[in-house]
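Enquirer: Dumping the structure here so I can ask a few things about it.
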């Protein structure tokens, strides 16, 4: 069974073909047009998807020695994400599906990240999944594949967004996480004290807006010269405040629900510091290879294969949903 996966929820144009859960061919194009702009510009992202999607799709078909008629189903991200970017991927997938009479399956991007851990590990539910990226920070109880309960989310900014915005304040390029990580490796994470929001709350939610404000105020207070001299220490401390916030709530959920099997996925899961500190926890820890932490189409194809094997497919008139909540069926209105 061969599934073509398509992912265009933000600024990665990704396509993949899997057969029986094995990757036959995959491509990910990471847009560079946003690097100097401090964040993703939606219209530019949509234009780049248009420019690359067709080329990449036919490239992986060629590399795998397949024709489009060999594809048994198409799995495509329908949300959450940038509306324009989602429309490009879904429209392309629908066109191919209609022309070739191929079943189509709409996939939630966050569910894709849950399935993404299977690209690197053999794992079975139940487990707790922390999905952490530039757009999302969510803690999920995975009862089974396809059966999820949202335990906590961010009240404001996502963890990855907090890294991107801090990078922008000090003039680093987008995405901010890798840039901050490089500098922070030479710093002392205990040099500066940044707040961890909702530390004593009775829930599993996160908040990073106050941390961003504290970072900006620290930079302003220090001034240009002191900031330059202390930059590695500042960023190491800031990075640790984000990592500690994530692991604190994850640890709290693990103890409350008695679940020691933990998955951390999403773009921020590629962070060396997060990986380092997570391995010291008394968990059965699963994290995708770094290349499968960021957005990719293999995770979307894998989720699509799961639903196809269950005999499920999506009616062709499905819409995109830029704020599609995991666990809630995609509305057909």
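Taken together, the values in this text are just the output of simple stated rules run on the coordinates, not laboratory data. Not measured: the values here are computed from a predicted model. Cβ sites come from the backbone with ideal geometry, for glycine too, and all protein chains shown count toward neighbours.
Enquirer: Test of understanding: ordering 124, 227 by Cβ neighbours within 10 Å, fewest first, what list do you get? Could you put the intermediate results ahead of the total?
Expert: On the way: 124 10, 227 16.
Neighbour counts put them in this order, fewest first: 124, 227.
Enquirer: Also: Count the DSSP beta bridges whose two residues both fall in the stretch 124-287, then state the antiparallel fraction as a percent rounded to the nearest 5.
Expert: Details: 12 of 20 bridges.
Roughly 60 percent of the DSSP beta bridges within the stretch 124-287 come out antiparallel.
Enquirer: In which sequence would 283, 324, 145, 58 go, from the one with the fewest C-beta neighbours within 10 Å to the one with the most? Write out the running numbers ahead of the final one.
Expert: On the way: 283 20, 324 25, 145 17, 58 12.
Lowest count first: 58, 145, 283, 324.
Enquirer: Averaging sequence separations of C-alpha pairs under 8 Å and six or more residues apart, then dividing by the length of the stretch 124-287, give the relative contact order as a whole percent. Display every interim value, and only then the final one.
Expert: Numbers: 301 pairs, mean separation 45.0, N = 164.
Relative contact order, the stretch 124-287: 27 percent.
Enquirer: Run the Debye formula on the Cα coordinates of the stretch 124-287, all scatterers equal and no solvent, and tell me log10 I(q)/I(0) at q = 0.20 1/Å.
Expert: -1.27
Enquirer: Just need the relative contact order of the chain here, percent rounded to a whole number, with Cα pairs under 8 Å and 6+ apart. Mind dumping the intermediate values first?
Expert: Details: 716 pairs, mean separation 82.3, N = 333.
Computed over the chain, the figure is 25 percent.
Enquirer: Under 1.5 on a/c is rounded, so check that first for the stretch 1-157, then, if it is not, pick prolate when a/b is larger than b/c and oblate when it is not; a ≥ b ≥ c are the square roots of the alpha carbon gyration tensor eigenvalues. Could the numbers behind the result be given before it?
Expert: Numbers: a/c = 1.89, a/b = 1.15, b/c = 1.65.
Oblate shape, in that a/c is at least 1.5 and b/c is the bigger or equal ratio.
Enquirer: Given the rule -39500 (n - 2.57) for each run of at least 4 DSSP H residues, summed and divided by the residues of the chain, what is its mean residue ellipticity at 222 nm, to the nearest 500 deg cm²/dmol?
Expert: On the way: 8 runs with 137 residues, N = 333.
Calculated at 222 nm, the ellipticity per residue is -14000 deg cm²/dmol.
Enquirer: Once you keep just the Cα pairs under 8 angstrom separated by 6 or more residues, what percentage relative contact order results for the stretch 1-109? Show your work: numbers first, answer last.
Expert: Numbers: 206 pairs, mean separation 34.8, N = 109.
It rounds to 32 percent for the stretch 1-109.
Enquirer: Of all DSSP beta bridges in the chain, what percent run antiparallel (nearest 5)?
Expert: Around 60 percent antiparallel, to the nearest 5.
Enquirer: Quick check on the stretch 71-164: take the gyration tensor over C-alpha atoms, sort the square-rooted eigenvalues as a ≥ b ≥ c, and tell me if it's rounded (a/c under 1.5), prolate or oblate. All intermediate terms of the calculation are to be shown ahead of the outcome.
Expert: On the way: a/c = 2.58, a/b = 1.40, b/c = 1.84.
Oblate is the answer for the stretch 71-164, as a/c is 1.5 or above yet b/c matches or exceeds a/b.
Enquirer: Taking the Cβ of each residue in 113, 136, 49, 200 as the centre, tally the other Cβ atoms inside 10 Å and list the residues starting with the fewest. Working shown, then result.
Expert: On the way: 113 33, 136 22, 49 29, 200 5.
Least crowded to most crowded, the residues run 200, 136, 49, 113.
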